[in-house]
Amino acid sequence: RMTCAVHPCFNSSRQAKGLLDPKLSFKGHNGLPLGTVRYGADISLSIEKHKTSDSSDHNQASGGHTIAIWAGYELPIGPGILGGRIAADAMKGDRQQQDTLSGVTTDSKITGGNKLAASVFYELPTGTFTYGASITHTMREESRTVVSGTPSASNRDQGSDTELTAYVPMYFSTRFTLIPSAHIRDSKYSKSMTVDNARFYGVDCAARFTF
């Protein structure tokens, strides 16, 4: 995944590159006379620390593990499917972080920062491909940085994200799906003393294996 972030208050750009946290998903569903209820849990496992360089470029790993639970509903509308879901962090572990400033590297961990998200999507199946679009609004709690066992004051990163995504799941078999996507995310920081808002542009390509 590659993402470019534009911060208006600094008039600068920063890049995020590398692999996202691997994710295990557990899903279930119940059919209704009209539509389908879906629910599940996602377990994200970080394989490395979150690292930030002198230029503020950083990798995509979170540095920690998260369990999120979600529930949603979808309904056939015209030739496609309209749906929505709500997701929340049920468990968010400490995230290991490594920052480099003027050649000096500091290790720390981040606590807190749980998220609650609501999204709406529409998907149009066309055989091998499905065309989809979604909009997601996420509320973020504040987080704290801990260095050498001593918590700092709040990182003042609470706020919200609104993300618009276009994606095209490609079903090559019943067990393998390739999912390229593009997204734009606007982030707002309600109490930050340095950044009020930021805009992120990104492209992803995910693979889904069904067992």
Notebook entry, point to check: What nm distance separates the two modelled labels at Leu32 and Tyr171, each placed 7 Å from Cα along Cα→Cβ?
Noted result: 2.3 nm
Check: Got a sec to turn the phi values of the range 56-62 into Karplus ³J(HN,Hα) couplings, 6.51 cos²θ - 1.76 cosθ + 1.60 with θ = phi - 60°, whole Hz, x for Gly and Pro?
Finding: 6, 5, 8, 7, 9, 5, 7
Check: Straight-line reach from Lys27: which aspartates and glutamates have a Cα under 20 Å away, not including same-chain ones fewer than 8 places off?
Finding: Asp42, Glu74, Asp89, Glu123
Margin query: Taking 41 Å as R0, compute the FRET efficiency from the Cβ-Cβ separation of Val146 and Leu178 and round it to 0.05.
Written below: 0.60
Notebook entry, point to check: So what does log10 I(q)/I(0) come out to for the range 131-211 at q = 0.17, 0.22, 0.27 Å⁻¹, using the Debye formula with one equal point on every Cα and no solvent?
Noted result: -0.80, -0.97, -1.18
Checklist line | Rounded accessible area per residue of the chain, 1.4 Å, Å² | finding: 60 Å²
Next item on the list: Report the calculated FRET efficiency for Leu101 and Asn197 (r = Cβ-Cβ distance, R0 = 25 Å), to the nearest 0.05.
Entry: 0.55
Check: What FRET efficiency would be calculated for the residue pair Ser56, Leu116, taking the C-beta separation as r and a Förster radius of 25 Å, to the nearest 0.05?
Finding: 0.40
Check: Taking only C-alpha pairs under 8 Å that are 6+ residues apart, what is the relative contact order of the range 161-211 in percent?
Finding: 37 percent
Notebook entry, point to check: Taking all protein chains as present, what is the carbon and sulfur share of the accessible area of the range 148-211, in % to the nearest whole number, probe 1.4 Å?
Noted result: 60 percent
Check: What order, most packed first, do the peptides 105-113, 171-179 have when packing is the mean number of other Cβ atoms within 10 Å of each residue?
Finding: 105-113, 171-179
Note to self: Using a Cα-Cα cut-off of under 27 Å, which lysines could be cross-linked to Lys23, ignoring same-chain neighbours fewer than 8 residues away?
What the structure shows: Lys49, Lys51, Lys92, Lys109, Lys115, Lys188
Notebook entry, point to check: Using a probe of 1.4 angstrom, how much of the accessible area of the range 26-131 is carbon and sulfur, in percent?
Noted result: 62 percent
Check: Can you pull the semi-axes for the chain, root of five times each eigenvalue of the Cα gyration tensor, sorted largest first, whole Å?
Finding: 33, 18, 18
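The values are calculated or read from the model by the stated rules, or taken from the named source; none is laboratory data. Since the structure is predicted, the reported quantities are computational estimates derived from the model, not experimental observations. Using ideal geometry, Cβ is built from the backbone for each residue, glycine included, and neighbour counts are taken over all protein chains shown. Just so you know, the surface numbers come from the protein's heavy atoms only, side chains and all, with ligands and any DNA or RNA stripped out. Shrake-Rupley method; radii C 1.70, N 1.55, O 1.52, S 1.80 Å.
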